[in-house]
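These notes concern the structure reproduced below.
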Amino acid sequence: MNQIPFSRVVCDGHELDYVRAVLDSGWLTTASRTREFEERFAAAVGVPHACAVNSCTAALHLALEALGVGPGQKVFVPTMTFTASAEVIRYLGADPVFLDVEYGTCLLTPAILADAIQRHPSVRTLIVVHYGGQACDLRPGEPGGILDLCTRHGLRVVEDAAHAFPTRHRGRMVGGLGDVTCFSFYANKTITTGEGGMLTTNDAAIAQRARIMRLHGIDRDIWNRYTSPRPAWEYDVVAPGFKYNMPDINAAIGLAQLERAETMRLARQRCAQAYLEGLARVPGLDLPLLRVPPTDHAWHLFPVVLAPEAPLTRDRLIERLAERGIGTSVHYKPLHRMTYYRERYTLQPDDFPGAERVWQGCLSLPIYATLREDEIAYIVDQLRTLLREGAAA
Ligand SMILES: *Cc1c(COP(=O)(O)O)cnc(C)c1O
């Protein structure tokens, strides 16, 4: 029987060589490799500033902090996301206002946002999530998109791009479209450093604040302390910062991954295209809605939704696939259903019809660069059989 895990880490490039060089250098924490990773990543997404950190969660926290989010404020965030997107709002004593998403893409839309702005005119910050690797309809520099709405109503925009590298949007890379963008290099993301994240921005003041706050609020980083003519022991503390810096060991892995980011993206795109063809017109199964050219999509996830009339439930389908050696996952049980948020903000499922419809039937299929054609054919075959035979299978 096939054994196809939901996710496989692909480290078949220069990872080991670059990590060995770091170990040989004797300097393991944040220094020249991290700086180089920042420079290369900034060039890859086309922004002047990139700040490497130890997680996307840290990047999101720093982004909101740099924008001045604080107690008593509210921040818009979609409900169809990982808890990190919303917990960082609570770190700063502010409160999330959860938004529904469009069925099919799981993305926030201009229409949903426009309605939310009407109901909550005091909100000044929006977090968008490029779910699965497809960019939201930000439409920079054009009327009618999310950024235009935000400009007109005085909202700052933080992009949770944990799924969205490399993702294109109208000829530009995700990374410099909103005010701040946050990427994840967690082990199962599109590129990895083991654990890690990156904050990117076009705004020099945001970048400067994030750099200071990522390392204890010290006015100069460790590398600068050992390379500048100012004495190494001399530094000032200008704020109660955090400990969010990325070590050089992790940056070394990131540099090797970055070299193959587009190759791996293309391999995932081929997986997605094979699924889209193989699973087209399977009764009871809704495929992800593509609103962009396939080349613009990072293809981090391949989520499908089981229709209510399908012959077996989502939970049963996940079990049956697992018995056949196929690993799957669920993205996501929406945040309005999580105890902490549900109870604190008395949230009702009826207020999130798009997300609810996804949640009732969603599961994510394996998608990664080393997933083979014959493995995809096997997954497609098993899904077709199970959906034909239903609970009897
Ligand atoms: C993975 C993920 C995060 C958190 O990333 P870390 O690097 O693990 O902190 C945040 N948001 C979304 C949507 C994610 O999928």
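The values are calculated or read from the model by the stated rules, or taken from the named source; none is laboratory data. Please read these numbers as outputs of a predicted model, since none were measured by experiment. So basically every Cβ, Gly included, is an ideal-geometry build from the backbone, and we count neighbours across all protein chains shown. Calculation scope for accessible area: heavy atoms of the full protein, side chains included, ligands and nucleic acids excluded. Shrake-Rupley method; radii C 1.70, N 1.55, O 1.52, S 1.80 Å.
Give me the log10 of I(q) over I(0) for the stretch 1-131 at q = 0.17, 0.18 Å⁻¹, as the Debye formula computes it from C-alpha points; what are the numbers? Debye curve over Cα of the stretch 1-131, log10 I(q)/I(0) at q = 0.17, 0.18 Å⁻¹: -1.04, -1.09.
What is the ratio of the Cα radius of gyration of the stretch 250-323 to 2.2 N^0.38 Å, with N the residue count, to two decimals? Each step should come with its number before you reach the end.
On the way: Rg = 16.0 Å, N = 74, 2.2 N^0.38 = 11.3 Å.
Normalised Cα radius of gyration, the stretch 250-323: 1.42.
The trypsin sites (Lys or Arg not before Pro) found in the stretch 222-318 that occupy coil by DSSP, while having at most 14 further C-beta atoms within 10 Å, are ARG281.
Would you mind working out the accessible area per residue for the chain, using a 1.4 Å probe, and quoting it in Å²?
On the way: 16450 Å² over 393 residues.
Each residue of the chain exposes 42 Å² on average to a 1.4 Å probe.
Look at where the Cα atoms of the stretch 97-174 and of the stretch 42-68 average out, and the two centres are 17 Å apart.
Expressed as a rounded percentage, what relative contact order does the chain have, with Cα pairs under 8 Å and six or more residues apart? Please report the intermediate quantities before stating the final value.
On the way: 821 pairs, mean separation 90.0, N = 393.
RCO, the chain: 23 percent.
The label point for THR83 and the one for ARG40, both projected 7 Å from the Cα toward the Cβ, are 3.4 nm apart. In the stretch 39-116, the portion of solvent-accessible area held by carbon and sulfur atoms comes to 53 percent [1.4 Å probe, whole percent, DNA, RNA and ligands not counted].
Count the net charge of all other residues whose Cβ sits under 13 Å from the Cβ of VAL157, scoring Lys and Arg as +1 and Asp and Glu as -1. Display every interim value, and only then the final one.
Working: positive: ARG124, ARG139, ARG152, ARG156; negative: ASP137, ASP148, GLU159, ASP160, ASP179, ASP203.
Once all neighbours under 13 Å are counted, the net charge is -2.
Close amide H pairs (under 5 Å, H built 1.01 Å from N) link THR29 with ASP248, residues at least 5 positions away or on another chain. Once Rg and the Kirkwood radius are both taken over the C-alpha atoms of the stretch 15-260, their ratio Rg/Rh works out to 0.98.
For the stretch 230-297, the list of GluC sites (Glu not before Pro) that fall in a loop by DSSP and count at most 13 other C-beta atoms within 10 angstrom reads GLU234. Taking Cα atoms only, the orientation of helix 248-259 departs from the longest principal axis of the chain by about 50 degrees. Sorted from greatest to least, the principal axis extents spanned by the alpha carbons of the stretch 262-392 come out as 46, 41, 24 Å. Here's how it looks for ARG156: its modeled amide H is under 5 Å from those of THR125, LEU126, which are all 5 or more places away or on a different chain. Rounded to the nearest 10 degrees, what's the angle between the helix 261-278 long axis and the longest principal axis of the chain, both from Cα atoms, 0 to 90? Around 10 degrees separate the two axes. For the stretch 311-351, the set of chymotrypsin sites (Phe, Trp or Tyr not before Pro) satisfying both a DSSP loop assignment and a count of at most 14 other C-beta atoms within 10 Å is given as TYR345. By how many degrees, between 0 and 90 and to the nearest 10, does the Cα long axis of helix 110-119 differ from the longest principal axis of the chain? Helix 110-119 sits roughly 70 degrees off the main axis of the chain.
Where does each of SER122, SER55 land when they are ordered by accessible area, with a 1.4 Å probe and the largest first? Mind showing how you got there, number by number?
Values: SER122 90, SER55 30 Å².
The ranking, largest first, comes out as SER122, SER55.
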